[in-house]
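One structure is given below, encoded as structure tokens.
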Amino acid sequence: MKNESKQKRRTAQIIIIALLAATVILYFLVPGVNSFFNGIFLLFSSMNVETIAEYIRSFGIYAVVMSFFLMMFQSLAAPLPAFLITFANAAIFGWWQGALLSWTSSMAGAALCFYIAKVLGRDAVEKITSKFALESVDGFFQRYGKHTILICRLLPFVSFDYVSYAAGLTSMSFIPFFAATGIGQLPATIVYSYVGGMLTGGVRMVVTALLILFALSIFVMLLKLIYNEKQNKRKDI
């Protein structure tokens, strides 16, 4: 049974490494692929929701597919900001349709990061992200345990993709991770989508700042709850 499990993992490792290697080769050898990915990085670096929305719209009937791809891509290429795509989806498809698209695509991206970490291990993940980033998330897991996923998802400036990778390196199984991911990201996705569907330009930036302050308030409340929980456990001992 163990040999069979090792063989499956080895096969998965070969497949993932082959796909990553093929992508890198295509990026450097095929000008069209190179310009495509460079364009996506420039798109995110603009930090402009209207620009991203216009780019997605340019794919016409395939706009949903492109949006899904962008969310998956930002998951793998952490820490690109996912909330920009969430805002853009709401502006293009309406707030609840955009929320559904953003939620499902980010769930798929989180699952992919989790499995890549499970299969390839820490050394490979450190090359994809960074050693410092993983160590910072490790501290979250050590301190807050099961609350880590919820806390990090509520904070828009914390890369949830790093958390997905880090979770794959722990003993956590996929089902609890996936369930916590879905529950933890749903409120923020709905709020961002609802706001993003109504606002444009500078007003959106103001609301984004307010949402960050709101998220910080929730973060402080969660820390207080966790602290109280630990204090109660110590008293019981």
| query | Of all residues in segment 41-55, how many are in contact with a Ser or Thr (Cβ under 9 Å, 6 or more places away or on another chain) and of a type in the set (G, A, S)? | reply | 0
| said: Regarding segment 106-127, can at least one residue be identified that is within 16 Å of I190 (Cα to Cα), surrounded by fewer than 22 Cβ atoms within 10 Å (Cβ to Cβ) and within 14 Å of the chain's Cα centre (by Cα)? | reply: yes
| field | Complete set of residues in segment 55-80 that are more than 24 Å from Y115 (Cβ to Cβ) and out of contact with any helix residue (DSSP H, G or I) (no Cβ under 9 Å at 6 or more places or on another chain) | value | G60, I61, Y62
| query | Among the helices (runs of 4 or more DSSP H) contained in segment 28-97, which hold 1 or more residues that are of a type outside the set (S, T, N, Q) and loosely packed, with under 15 Cβ neighbours inside 10 Å? | reply | 31-45, 49-57, 63-76
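Only the coordinates and a few stated rules stand behind these numbers; no lab work does. Bear in mind the structure is a predicted one, so any value in this text is a computation, not a measurement. Here the Cβ is made from the backbone with ideal geometry for all residues, glycine too, and neighbour counts use every protein chain on show.
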